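Asker: Have a look at this one before I ask anything.
What follows draws every value from the coordinates through simple rules; no lab data is involved. Since the structure is predicted, the reported quantities are computational estimates derived from the model, not experimental observations. Here the Cβ is made from the backbone with ideal geometry for all residues, glycine too, and neighbour counts use every protein chain on show.
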Amino acid sequence: MTTPSPSPAPSTPPPAAQSPAAEALVAHDLWHQFQPNWWVLRGVELTFRAGELVGLVGPNGTGKTTLIRLLAGQAAPSRGQVTLGGRPLSKIGRLELARQIGYLPQNVRSSFRLTAEEVVAQGRYPHQRGLGLLDARDHAVIRRVMDETRTLAFARRQIEDLSGGERQRVLLASVLAQEAPFLMLDEPTSMLDIHHQVEVFQHIRRLARRGLGVLVITHDLNLAAHYCDRLVMMFEGKVEAEGAPEAVMREAVLRKVYETELIVDRNPVTGSPMVVLLGNREEEREDRRWPC
Amino acid sequence: MALLTARRFLLVLAGYALFALAAMLAAPMFGAEPVNVPRALSQWWETRGAAVRPYEVDILLHLRLPRILLAFLTGGALAVTGAVFQALLRNPLATPYTLGVASGGSFGAVLAFFLPAYLPWIAFELGPFNYVQCLSFAGSLGAMALIYGLARTGGRISTMELLLAGVTLGMIFSSLILAVRYFASPHIVVNMDRWLMGGLSVTGYGEVRSVLPFLAVGLGVQLGLARALDQLGLGEELAQSRGVNVARLQALVFVFGSLAVASVVAVAGLIGFVGLIVPHTARRLTGPDHRLLLPASLLAGGGFLVLCDTVARTIIAPTELPVGIITSLLGGPFFIYLLVRSRRGGRMWGVD
């Protein structure tokens, strides 16, 4: 352990919980294309505040990942801009941006034998200078986020040896170690079994209650409806519906977007909207007539 | 591995430094002509200022010492660049020669052996550099520019295209080398082959002095990028989101790694294996943290090549073996041992 050195005025911003929720991340008329004449995003308007958990949902290929990458400042939009507290992201320095917005991409793989603890410690990068040896504050943050994500028990194990749920929690801890007030998570639950999915959602909701702004991409509409304060439904590069889960999880919206038979009911226990897929019953009847 | 603290950093590097120092202190004693180092040093002190010196002093100061320094610099540069290229390409098999730069350097050197028979004026000297070194260095830098241009798409280099362009260009240069060899007369071919096998023969401090500035820049920049390279270990996207300028990092690593390789190849030819096994061994011993791994590789690679070169000088003295043969013969089995051991417990590399 390093001895805590009396550091001069800390250069890091205060943790999110103390910062006023006034700063909002806003997408202004975002258009994006990777090739000419093929727009992945077609004019997305979105306001996203600290303290809320927002679920970004929609079918595959509708621009969810592109949108989250633009919001995280990972790429510049072809048209329009993203602002944080009124400032365009393009005007914010890389390290400062990393202290404001944490981003967890899909399918993060480690190319070295890193331990869980090392992975989490890497999240301190935007707060460090020079050789980047950890000071007392870094150690405190690493310990806190690992405690919160319940990853301390396997701190010294290789990340590639952990189970999917454990890995995902370690990666989440690593992003939390950035101490950014905004979190962007691209399908953090996609490879997890159901109880780990619930666990991740419970955890990110706690973070939102503590003042963080969390944007999460997910394919599980029922989980999203249950845990998120707000849903944003993407379809063909645009926001198809946005608002409280009840407002977005309507049969008309879902039928149009997913092109399948379904009904929206209420979860008898929690009361949140719940999708029940029916499939194409006409086709299924045909299948039953011609057993293969 | 535990998290990197100042204490661990210093302790581990002190261990590596001890190894390098031991190798460099032991090496001068061995050779075709045994040298009693303490006696030579005391003679050197007694005859300081004299025009004629005992031959032991001359051997120590003008043959052994510069050679040991060159071996250390060469080994260190190859090991650091190997470690950095493995991180850049996220590929455990990457070596300093993977990206084709050294092949360009080899082609330049082979041309330099071939051409004087037809163009006598080409046997020039440029300051401390002879024409073989100059053409090799030019060949490396030319190859680097070509590969960089090929791998550059949309304002940044793609590591996949870097790998493809580098490996392909390396093959093209190999064919060109074969073509030149085919047309060269046999006694020149012997010289070419000797050069290609790699060797550390020196005449005084000229070679050390000529590579030192290039290595200082090439290695200095690579060591300075250690913390950013750590971030690359979890993928470009995550590194980018932490504030690493990934495109700039990749370009810097390629250019300055190539500069180090180009200067080493120009004076020592192709010395294989150091750039592959030393970083892997250091990674096993000290973990994947580049802030520790890169200086550790520098010291371990330098010490390792000093040892190999000592063996190459003495094993069939007074004849010398090319040091590249020794690095492979000593390093290869050791590396296989590491592989077998890691197959039994844990992996060497995260994804495999």
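Asker: Modelling each spin label as a point 7 Å along the Cα-to-Cβ direction, I'd like the residue B:338/residue B:284 distance in nm, to one decimal.
Answerer: Reported label-point gap for residue B:338 and residue B:284 is 0.6 nm.
Asker: Seen from all sides and averaged, what is the projected area of the convex hull of the Cα atoms in chain B, in nm²?
Answerer: Taking a quarter of the hull surface, the average projection is 20.2 nm².
Asker: Can you check what the net charge comes to around residue B:68, using other residues whose Cβ is under 14 Å from the Cβ of residue B:68 (Lys, Arg +1; Asp, Glu -1)?
Answerer: +1
Asker: Can you put B:118, B:55, B:131 in order of Cβ neighbours within 10 angstrom, beginning with the fewest?
Answerer: Placing the least packed residue first, the sequence is B:118, B:55, B:131.
Asker: May I pose another question? Run a plain Debye calculation on region B:263-307 (Cα atoms as equal point scatterers, no solvent) and give log10 I(q)/I(0) at q = 0.17, 0.32 Å⁻¹, rounded to two decimals, same order as the q list.
Answerer: At q = 0.17, 0.32 Å⁻¹ the computed log10 ratios are -0.48, -1.14.
Asker: Assigning unit charges at the beta carbon (Lys, Arg +1; Asp, Glu -1) and nothing else, what dipole magnitude in debye, to the nearest 20, does the protein assembly as shown show about its Cα centre?
Answerer: Here the size comes out at about 1060 debye.
Asker: Treating only the Cβ atoms of Lys and Arg (+1) and Asp and Glu (-1) as charged, compute the dipole magnitude of region A:22-250 about its Cα centre; round to the nearest 20 debye.
Answerer: For this selection, approximately 520 debye.
Asker: Compute from the Cα atoms of region B:138-245 the Rg and the Dmax, the latter being the longest Cα-Cα distance, and quote both in angstrom.
Answerer: 18.9, 57
Asker: Just tell me how shielded B:306-314 is by partners: mean number of partner chain Cβ atoms within 10 Å of each residue's Cβ, no decimals.
Answerer: Numbers: counts 0, 0, 0, 0, 0, 0, 0, 0, 0.
Mean shielding by partner chains, rounded to a whole number: 0.
Asker: Per-residue Cβ counts within 10 Å, from other chains only, averaged over B:226-237: what number is that?
Answerer: 5
Asker: To the nearest 0.05, how large is the calculated FRET efficiency for residue B:176 and residue A:255 if R₀ is 56 Å and r is the Cβ-Cβ distance?
Answerer: 0.30
Asker: Please name whichever of A:140, A:83, A:65 sits farthest to the positive end of the charge dipole of region A:43-149, dipole taken about the Cα centre and charges placed at Cβ: Lys and Arg +1, Asp and Glu -1.
Answerer: Among A:140, A:83, A:65, the one farthest towards the positive end of the dipole of region A:43-149 is A:83.
Asker: Translational D (Stokes-Einstein, µm²/s) of region A:36-76 at 25 °C and 0.890 mPa s when Rh comes from the Kirkwood sum over C-alpha pairs? Numbers along the way, then the final one.
Answerer: On the way: Rh = 11.7 Å.
Here the translational diffusion coefficient equals 210 µm²/s.
Asker: What's the exposure ranking of A:169, B:341, going from fewest to most Cβ atoms within 10 Å?
Answerer: By the 10 Å Cβ count, ascending: B:341, A:169.
Asker: Could you point to the residue in B:238, B:215, B:163 farthest towards the positive end of chain B's charge dipole, with +1 and -1 charges on the Cβ of Lys/Arg and Asp/Glu respectively?
Answerer: B:238
Asker: Let me ask something else. Provide, as a two-decimal number, the C-alpha radius of gyration of region B:138-198 over 2.2 N^0.38 Å, N being how many residues it has.
Answerer: The reported ratio for this selection is 1.42.
Asker: Please report the relative contact order for chain A, taking Cα pairs under 8 Å with a sequence separation of at least 6, and give it as a percent rounded to a whole number.
Answerer: It rounds to 23 percent for chain A.
Asker: How compact and how long is region B:75-218, expressed as Rg and Dmax of its alpha-carbon atoms in Å?
Answerer: Reported Rg and Dmax, both Å: 16.2, 48.
Asker: Quick one: putting +1 on the C-beta of Lys and Arg, -1 on the C-beta of Asp and Glu, what dipole do you get for chain B around its Cα centre, in Debye to the nearest 20?
Answerer: Computed about the Cα centre, the dipole is about 860 debye.
Asker: If you average 1/r over every pair of different alpha-carbon atoms in region B:1-138 and take one over that average, what Kirkwood value in Å do you get?
Answerer: 19.1
Asker: Given 25 °C and 0.890 mPa s, how large is the Stokes-Einstein diffusion coefficient of the protein assembly as shown in µm²/s, with Rh as the Kirkwood radius over Cα pairs?
Answerer: The calculation lands on 88 µm²/s.
Asker: Rounded to two decimals, what is Rg over Rh for chain A when you use alpha-carbon atoms and the Kirkwood radius?
Answerer: 1.01
Asker: Also, quick follow-up: What is the percent of Cα-Cα separations in region B:215-343 that go past 16 Å? Before the final figure, lay out the partial values.
Answerer: Working: 5671 of 8256 pairs.
The answer is 69 percent, as a whole percent.
Asker: Given that compact globular proteins tend to follow 2.2 N^0.38 Å, what is the ratio of the alpha-carbon Rg of region A:76-231 to that value?
Answerer: 1.06
Asker: Let me ask something additional. Given springs between every Cα pair under 10 Å in a Gaussian network model of chain A, which of A:151, A:189, A:47 has the largest fluctuation?
Answerer: Ranking A:151, A:189, A:47 by mean-square fluctuation puts A:47 first.
Asker: While we're looking at this one, here's another question. Farthest toward the dipole's positive end in region A:22-250, which of A:159, A:233, A:122, given Cβ charges of +1 (Lys, Arg) and -1 (Asp, Glu) about the Cα centre?
Answerer: Positive-end residue among those listed: A:122.
Asker: If I take every Cα pair under 8 Å that is 6 or more residues apart in chain B, average their sequence separation and divide by the length, what percent do I get for the relative contact order?
Answerer: Relative contact order for chain B comes out at 29 percent.
Asker: Taking R0 as 41 Å, what FRET efficiency do you get between residue A:202 and residue B:167 from their Cβ-Cβ distance, rounded to the nearest 0.05?
Answerer: About 0.30, to the nearest 0.05.
Asker: Further question: Where does chain A land at 222 nm, in deg cm²/dmol rounded to the nearest 500, when only DSSP H runs of n ≥ 4 count, each adding -39500 (n - 2.57), divided by all residues?
Answerer: -9000 deg cm²/dmol
Asker: Per-residue ellipticity at 222 nm for chain B, helices alone: DSSP H runs ≥ 4 residues times -39500 (n - 2.57), over residue total, nearest 500 deg cm²/dmol?
Answerer: Result for chain B: -23500 deg cm²/dmol, rounded to the nearest 500.
Asker: Consider just the alpha-carbon atoms of region A:220-278 and return their Rg together with their Dmax, both in angstrom.
Answerer: Taking only Cα atoms of region A:220-278, I get Rg and Dmax of 10.8, 34 Å.
Asker: Next question. In terms of modelled amide H atoms, which long-range or inter-chain residues lie less than 5 Å from the amide H of residue A:43?
Answerer: Under 5 Å from the amide H of residue A:43: A:30, A:31, A:32.
Asker: Moving on. Along its three principal axes, how long is region A:149-292 when you only count alpha carbons? Whole Å, largest extent first please.
Answerer: Each principal axis gives a Cα extent; for region A:149-292 these are 57, 40, 34 Å.
Asker: What list do you get for B:249, B:238 if you sort them by fewest beta carbons within 10 Å?
Answerer: So the ranking, lowest neighbour count to highest, is B:249, B:238.
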